[in-house]
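Each remark here refers to the structure printed beneath this line.
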């Protein structure tokens with residue numbers, strides 16, 4: 001359980017809770033293609049932060065996911081928290097599995113897992129709160145992928161390849 005006591009894990013829990021509080025209280029913005037939540041960018045960051053948390057905590061990141069879900073339910077609007085928890089559970093498990101099962105460098109795992117999990121999360125969440133439009137879906141997915149592309153580009157620019165063991169954990173230098 002010591003693996004849970006680190007900044008990426010605490011950052012992940014805090015980001016999920018803040019995101020759900022934001023979806024509960026920050027109003028949607030009307031755009032020409034539909035309603036958009038300003039929280040969409042943070043939602044994208046949550047997936048990348050989870051990858052960093054898993055990098056530090058390994059499979060114990062599942063405990064952090066559960067803690068974030070419980071805190072969200074207690075601190076945010078229960079309806080939004082419930083829909084968000086369902087969306088997060090589905091998409092985060094998909095993200096977790098993709099991240100865990102691929103044997104690619106860290107920056108590539110972030111990009112691959114984000115491409116799969118962000119559309120799943122967005123669709124489930126928007127359908128659950130009855131705000132799904134094609135425009136909103138596209139805007140939110142695009143906003144969520146910003147963080148993944150930023151990390152991928154940063155690692156790619158450094159041409160850094162991190163070796164991983166047979167369980168998908170990065171090896172220390």
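Residues in the range 139-150 that are in contact (Cβ under 8 Å) with a residue 60 or more places away in the chain and surrounded by 16 or more Cβ atoms within 10 Å (Cβ to Cβ): 139, 140, 143, 144, 145, 147, 148. Based on what the data block shows, is residue 47 within 12 Å of the chain's Cα centre (by Cα) and at pLDDT 85 or above? Spelling it out, it is not the case that residue 47 is within 12 Å of the chain's Cα centre (by Cα) and at pLDDT 85 or above. Taken over the range 106-138, the criterion of being buried (at least 17 other Cβ atoms within 10 Å of the Cβ), more than 12 Å from the chain's Cα centre (by Cα) and at pLDDT below 80 is satisfied by 106, 107, 136. On inspection, residue 66 passes the criterion of being part of a helix (DSSP H, G or I), free of Cβ contacts under 8 Å to residues at least 12 places away in the same chain and surrounded by fewer than 23 Cβ atoms within 10 Å (Cβ to Cβ).
The values are calculated or read from the model by the stated rules, or taken from the named source; none is laboratory data. Keep in mind that what you see is a predicted model, and the values were worked out from it rather than measured. Backbone-built Cβ (ideal geometry, glycine too); neighbour counts: all protein chains shown.
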